[in-house]
């Protein structure tokens, strides 16, 4: 049996409907209408110990709700979940010892306390021995630079610092499986890299990871499996490499040149690519191509032969683009769609 | 089994103390606020005393109760309600926690969620309440006509502790209703609290409806009036006071059960 | 003028949206009314009077306490307190609208809902609580009631400004409400109080909130005295309005941004 098993997981919410404006509020006084929204509809999922799974989809697709169902925070309308044999929402306390959770949008630090105090409270809740606690803090300091954050009151942390501290909170008790809901949201590149490095290390240590994100970079090095959800349903479940090979092949190289060129000159040189001129006319260009047919290196080398290259920026497709393509059915998902 | 339960109780008691201690340290960062709250507690508690002393200076007895006896009831009820903000002020934030989906993390930690919510804040106004109420209680106890025996004192202490437990449970229940009401503010609990204030006067002055409400349906009277009636051995109420521990236990069972039911409705703000 | 009108409108709308909250508050107020009536009935059970108030008169007095207690509560002082605390009030200061007027508009917007609560519960009270005298001079009563809302608004707006110096609004508002309950006469008629409390109440604005309308209702004051008391109310409106304005300007000059 897999570490995590979810079968036909469904969650619907009931929300009151209100017409806009004063009249709407007044009408709502006497007559209430409700609408039912299915946030998650019949999700099947099975995660083996040691796997790292990326769980992606557009905003409102049901990602966070799924995570909350899997962690036992909300009770499913129907369907079932088991983690290590436990039903999360029925055995919250026992289950909480084997899972770690992070919601990027929300901190679990005590707002008015120094980070050290929050961690100490969690230490007591998880019954960690002083030695174990010290060892964990040391480990987190190495990757997350935790030491400098320990004396700081949570409300004075920057977003990036907060996320580092929250990661430590989520992983303090060495959970078997960790759920990370947008762990890099709003972070700058430096912190993002740090978080990603931390994820790689977790993965190497054998922790099972389930990760939601909008940033393909987060999952590239960590996750070998990707589950795509939209409208509350799983629309793809399979290998990440396959998805990337098929749907995330487009690259865009933005160039700023020291000398002037024309679109035709460049287009002639790279017949496989699409060349467009930028804002600065003949000194700025964007070259879009399929990475199976051309490489960024080849583009740079080719351009360098005819002009001086001042600035280079390379864009990879965002996970949303991939999801959009998959959803739009631009390319069929025959293989790999059933795990 | 017994050992396990005992271990769990001790563990939770320790966690509770640790959480409250952490909050106290946080609150003490703002010393001025600390004193303002305590002062506010004292001023608020004095309200009833002002009322009582103003009217009782003109009427010697109210429904057969003398001024010191009235102050005794008032102070006794004040002590049990004053503990609530000190020990479980976090429960007043439950409505906003539910509304904003802030229970998420509490539900993923190995400690009872109710305990985590209750210990999420400390209301120092409760300290003010306690100081003022204890002063009234002491003043009244030295003036009422009671024959003191060790047994007497022991039972009074037990009744007071039960009264405190009962007020805590009732406060939990009133706030737990927020799982169903879904308002960002604990309006129901605030209303209930104000109703509870009515139980600081002798129940006999009220009509049947209020007597039934305060004595049975929402038995605030067990957290002040009934124990006082027992101590003073008054009329038909004396035997009711002795039931306070039973009522407290029943309300705690109800509170825990209701909170569990409520958690099943929690939808983390529906995202 | 337009932004203020919109503000009042929004405020009215939100009072309807939070009708359950109003309902709860009304229920609590009902209980309080019934309980205080019970207390006074017990005190005056022998048909006598305390401080010149007979039981029917006392009931009318309590009714006025209920009515005036509702007026002007929709100020949204908690929102302002939170905005001051987290420094967001600085954003208001750069907008071309005055915070004080904006909040007054908001308070005005709450009046319709408050009037609904006053009329429904008040009428119920008159029916249930039994015989009580009617208002002795309706025009004068109405005039004095008009001043209640602005005075309560100014007191609330002034006290909320204390958050510029202390982080904690709970304590401030509790203490203010407790002091207000005593000195406005809503707890017990001021004439029953010890002299020193009466003197204190005479020089503070709280008495204008409840005592003045209630005494005019009951005809406990002569018509000239009633005009004088209404004049005092008017004085407090003007004085407190400008005091609040000056204080807010001074306070916001030293806005301290917390958190960040």
Taking the Cα centre of each part, how many Å lie between region A:55-128 and region B:51-109?
35
Across 10 Å bins from 0, what is the distribution of all Cα-Cα pair distances for chain B, in whole percents?
7, 27, 33, 22, 9, 1, 0
Shielding by partners - mean other protein chain Cβ count within 10 Å, residues of C:182-191
2
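Across peptide B:206-216, what mean number of C-beta atoms from other chains lies inside 10 Å of a residue's C-beta?
Working: counts 7, 4, 0, 1, 4, 1, 0, 1, 2, 0, 0.
Mean partner-chain Cβ count within 10 Å for B:206-216: 2.
For each of C:2, A:313, C:220, count neighbouring Cβ atoms within 10 Å of the residue's Cβ, then give the residues from fewest to most.
Details: C:2 7, A:313 10, C:220 18.
Lowest count first: C:2, A:313, C:220.
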Using a Förster distance of 60 Å, how high is the FRET efficiency between residue B:2 and residue A:277, based on the Cβ-Cβ distance and rounded to 0.05?
0.15
Build a GNM of chain C with springs between Cα atoms under 10 Å: which of C:237, C:89, C:203 gets the top mean-square fluctuation?
C:203
Quick one: if the Förster radius is 25 Å, what FRET efficiency do residue A:91 and residue B:249 give, using the C-beta to C-beta distance and rounding to 0.05?
0.45
Final fewest-first order of C:61, A:236, A:34 on the 10 Å Cβ neighbour count is A:34, A:236, C:61
Quick one: compute the contact order of chain A, relative version, from alpha carbon pairs under 8 angstrom and 6+ residues apart, as a percent.
19
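Ranked highest first by average number of other Cβ atoms within 10 Å, how do A:133-144, B:189-200 line up?
Numbers: A:133-144: 16.2, B:189-200: 21.6.
Per-residue Cβ counts within 10 Å, averaged per peptide and sorted highest first, yield B:189-200, A:133-144.
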To the nearest 0.05, what FRET efficiency results for residue B:17 and residue C:17 with a Förster distance of 51 Å applied to their C-beta separation?
0.80
Please compute the modelled spin-label separation between residue C:177 and residue B:139, points set 7 Å along Cα→Cβ, answer in nm with one decimal.
2.3
Based on the mean of other beta carbon atoms within 10 Å per residue, what is the order of C:113-121, C:180-188, C:159-167, B:141-149, most packed first?
C:180-188, C:159-167, C:113-121, B:141-149
Evaluated at 37 °C with a viscosity of 0.692 mPa s, what Stokes-Einstein diffusion coefficient in µm²/s does region C:2-253 have when Rh comes from the Kirkwood expression over alpha-carbon pairs?
171
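As a test of the formula, what do you get for chain A when each DSSP H run with n ≥ 4 contributes -39,500 (n - 2.57) and the sum is divided by the residue count, at 222 nm and rounded to the nearest 500 deg cm²/dmol?
Working: 12 runs with 118 residues, N = 339.
My calculation for chain A gives -10000 deg cm²/dmol from helical runs alone.
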At q = 0.05, 0.09, 0.11 Å⁻¹, what base-10 log of I(q)/I(0) does the Debye formula yield for the protein assembly as shown when every alpha carbon is treated as an equal point scatterer in vacuo?
-0.38, -1.04, -1.36
Distance from region C:36-67 to region C:112-161 (C-alpha centre basis), Å:
18
Once every DSSP H run of n ≥ 4 in chain B is given -39500 (n - 2.57) and the sum is divided by its residues, what mean residue ellipticity at 222 nm do you get, rounded to the nearest 500 deg cm²/dmol?
-22000 deg cm²/dmol
Rank by packing, highest mean first: peptides A:67-78, C:241-252, with packing defined as the count of other Cβ atoms within 10 Å averaged across residues.
A:67-78, C:241-252
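For region A:249-315, just run the numbers: alpha carbon Rg, then divide by 2.2 N^0.38 Å, N being how many residues it has. Don't skip to the answer; put the middle values down first.
Working: Rg = 10.5 Å, N = 67, 2.2 N^0.38 = 10.9 Å.
My calculation over the Cα atoms of region A:249-315 gives 0.96.
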How many nm is it between the label spots at residue A:224 and residue C:82, if each spot is 7 Å from the Cα in line with the beta carbon?
4.8
Distance histogram in 10 Å bins (all Cα pairs of region A:4-246, percent per bin)
7, 29, 32, 20, 9, 2, 0
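For region B:1-98, what is one quarter of the convex hull surface built on the Cα atoms, given in nm²? Don't skip to the answer; put the middle values down first.
Values: hull surface 42.5 nm².
The orientation-averaged projected area of the Cα hull of region B:1-98 comes to 10.6 nm².
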Within a 10 angstrom radius of each residue's Cβ in C:35-41, how many Cβ atoms of other chains show up on average? Whole number is fine.
6
Once both label points are put 7 Å beyond Cα along the C-beta direction, the residue B:264-residue C:93 separation in nm becomes 5.3
For the residues A:118, A:259, what sequence is obtained by ranking on other C-beta atoms within 10 Å, fewest first?
A:259, A:118
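Every number here is computed from the coordinates shown, using simple stated rules; none is lab data. Worth saying up front: this structure is predicted, and the values here are computed from it rather than measured. For neighbour counting, all protein chains shown are included, and Cβ atoms are generated from backbone atoms with ideal geometry for every residue, glycine included.
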